[in-house]
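First up is the structure itself, then whatever we jot down about it.
The values are calculated or read from the model by the stated rules, or taken from the named source; none is laboratory data. Note that this is a predicted model, so its numbers are computed, not measured. Neighbour counts are summed over all protein chains in view; Cβ atoms, including those assigned to glycine, are modelled from backbone coordinates with ideal geometry. Each accessible area value is taken on the protein alone, full model and side chains, heavy atoms only, with ligands, DNA and RNA left out. Shrake-Rupley method; radii C 1.70, N 1.55, O 1.52, S 1.80 Å.
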Amino acid sequence: MKIFRTDLHIGLNKKLFEISSTSLGLDNVQFSEDTITVAIHSESVSHGYYLKGFMAVSTQNVCDRCLIDFDFNHKIKFSILLTNKTDLVNNDEHNVIFFTNQEESVDIGLVLAENISLNQPFKKLCFDDCKGLCSSCGCNKNKQNCSCKKST
C-alpha cells in the first residue's frame, strides 16, 4: 500500500483506503473478505511523518475446541514512523520505515501485514464459552447434549 509524499505533506485525517487482502502476501492467514479497510491519520514531525490508524480485518478460522468454521472480525491499531534519521530506525515504540526526502512514495504494506500476523489469536475460539467436542462420541456440545458418562 503506497502513501505519497504529497498526501503526507497535506496531511491525512482518518483517510480511508481499501486494500486487497491478497496483496499483503500472508499465506498463513485466511481472509473472509477480499478487501481490508485501513484508516490513516498522519502528522508531520521534525524527523519525518507519524502515521497512526487501524485496519478492519476479517479472517476465517477453525475453532480449536469444536472445529467449526467461523469469521473473526477485529480492528488492529498500528503506528508507523516514516523518517530519514537512521538513529530512529531501531525504535521499539513504533514500526519505523526509512523514508528519504528524495522518495515520492512509501510502501507500508509490509508493516500492515506484520501487524495482521502478530494480531492473530493464539487460541481460536468461535466464542469464549465454546464447550467443544465430546471426547467420547465427538458430538459438538454447543449444539447438543450427549449421553456419554463423564470420565473421572
Could you derive backbone 3J(HN,Hα) for region 28-40 from the dihedral phi with the Karplus parameters 6.51, -1.76 and 1.60 (θ = phi - 60°), listing whole Hz in sequence and x where the residue is Gly or Pro?
8, 10, 9, 8, 7, 10, 6, 10, 10, 8, 10, 10, 10
If the cut-off is 17 Å between C-alpha atoms, which lysines fall inside it for LYS75, apart from same-chain ones fewer than 8 positions away?
LYS14, LYS15, LYS52, LYS124
Determine ³J(HN,Hα), in whole Hz, for all residues of region 73-86 in sequence, where each value follows from phi through the Karplus function 6.51 cos²θ - 1.76 cosθ + 1.60 and θ = phi - 60°; x replaces Gly and Pro.
9, 8, 9, 10, 7, 8, 9, 9, 9, 9, 8, 9, 8, 5
Compute for the chain: radius of gyration divided by Kirkwood radius, i.e. Rg/Rh, restricted to C-alpha atoms, rounded to two decimals.
1.17
Residue-ordered couplings for region 135-146, obtained by feeding phi - 60° into the Karplus form 6.51 cos²θ - 1.76 cosθ + 1.60 and rounding to whole Hz (Gly and Pro as x), are 6, 8, 9, x, 6, 7, 6, 6, 9, 7, 8, 9
May I ask you to derive the relative contact order of the chain, considering only C-alpha pairs under 8 Å and at least 6 residues apart, and to give it as an integer percent?
21 percent
Considering the Cα trace of region 36-85, what is its radius of gyration and what is Dmax, both in angstroms?
16.6, 52
Counting only protein heavy atoms and rolling a 1.4 Å probe, one gets per residue an accessible area for the chain in Å² of 65 Å²
Helix-only mean residue ellipticity at 222 nm for the chain, each DSSP H run of n ≥ 4 adding -39500 (n - 2.57), per residue, nearest 500
-3000 deg cm²/dmol
Could you pull out the GluC sites (Glu not before Pro) across region 75-145 that fall in loop regions by DSSP (anything but H, G, I, E, B) with no more than 10 other Cβ atoms inside 10 Å?
GLU93, GLU104
Of the peptides 50-63, 119-132, how do they stack up when ordered by the mean number of other Cβ atoms within 10 Å, highest first?
50-63, 119-132
Degrees separating the helix 109-118 axis from the principal Cα axis of the chain, which is the longest one
30 degrees
Residue among ASP27, ASP71, ASP107 with the largest mean-square fluctuation in a Gaussian network model of the chain, springs linking Cα atoms under 10 Å
ASP27
Count the net charge of all other residues whose Cβ sits under 11 Å from the Cβ of ASP64, scoring Lys and Arg as +1 and Asp and Glu as -1.
+3
If I build a Gaussian network model for the chain, linking alpha-carbon pairs within less than 10 angstrom, which residue out of SER136, SER79, SER105 has the largest mean-square fluctuation?
SER136
What are the residues whose amide H is under 5 Å from the amide H of GLY48, where those residues sit 5 or more places off or on another chain and H is modelled from the backbone?
none
Restricting to lysines and to Cα separations under 22 Å from LYS131, and discarding same-chain partners fewer than 8 apart, the set is LYS123, LYS141, LYS143, LYS149, LYS150
